[in-house]
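Taken together, the values in this text are just the output of simple stated rules run on the coordinates, not laboratory data. All of these numbers come straight from a predicted model, not from anything done at the bench. Glycine gets a Cβ as well: all are built from the backbone with ideal geometry, and neighbour counts include every protein chain shown.
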Amino acid sequence: MIGTAGYYSAYVYVIWRTVRRSLSIGTLIFLTGAIVQASNNIQLVFSTMSSIADQALFLTDLLAFFQMEPTIRSKPNALRAPRPIVHGFEFRNVSFRYPGATRLVLSNLDFQLRAGERVALIGENGGGKTRWSS
């Protein structure tokens with residue numbers, strides 16, 4: 001609101017000075033162009049600062065993610081995975097439902113994860129990706 005008032009006040013001042021003949025028409029045109037450019041530059045600065053603040057929120061989340069410790073632990077007498085993994089892993093007939101739910105989220109899923117491959121869980125927000133992977 002203050003910015004808008006300052007923007008139009010500058011226009012009124014330049015027009016008033018031109019009407020009083022203390023500024024020429026050429027100076028009026030030059031100053032109105034300068035006012036527009038200054039206004040655009042100021043808006044760009046505030047827009048950039050706002051964008052930086054938004055990105056800083058994501059950076060905070062990223063740093064918190066990096067500090068997380070894994071919650072999944074191997075059982076005390078579990079078999080160790082070979083290092084390095086040569087053949088990968090094969091999943092056969094995998095089904096899953098959330099505790100207390102009747103609907104299967106995964107049903108008879110078969111896939112092979114070869115050594116060096118990566119998997120991404122992709123789905124809509126609220127689709128259960130985090131719950132499924134935790």
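How many nm is it between the label spots at Thr32 and Thr71, if each spot is 7 Å from the Cα in line with the beta carbon?
6.3 nm
Collect residues whose amide H, placed 1.01 Å from N in the peptide plane, falls under 5 Å from the amide H of Leu23; neighbours closer than 5 in sequence don't count.
Those lying under 5 Å, H to H, from Leu23 are Thr18.
Rg to Rh ratio, the chain, alpha-carbon atoms and Kirkwood radius? Could the numbers behind the result be given before it?
Values: Rg = 31.2 Å, Rh = 22.4 Å.
Over the Cα atoms of the chain, Rg/Rh equals 1.40.
Given the convex hull of the Cα atoms of the stretch 1-68, what is a quarter of its surface area in nm²? Provide the component values of the computation, followed by the final result.
Numbers: hull surface 21.8 nm².
Average of the hull's projected areas for the stretch 1-68 equals 5.5 nm².
To the nearest 20 debye, what charge dipole does the chain have about its Cα centre, counting +1 at the Cβ of each Lys and Arg and -1 at the Cβ of each Asp and Glu? Could you put the intermediate results ahead of the total?
Numbers: 14 positive and 7 negative charges, 31 e Å.
Dipole size: approximately 160 debye.
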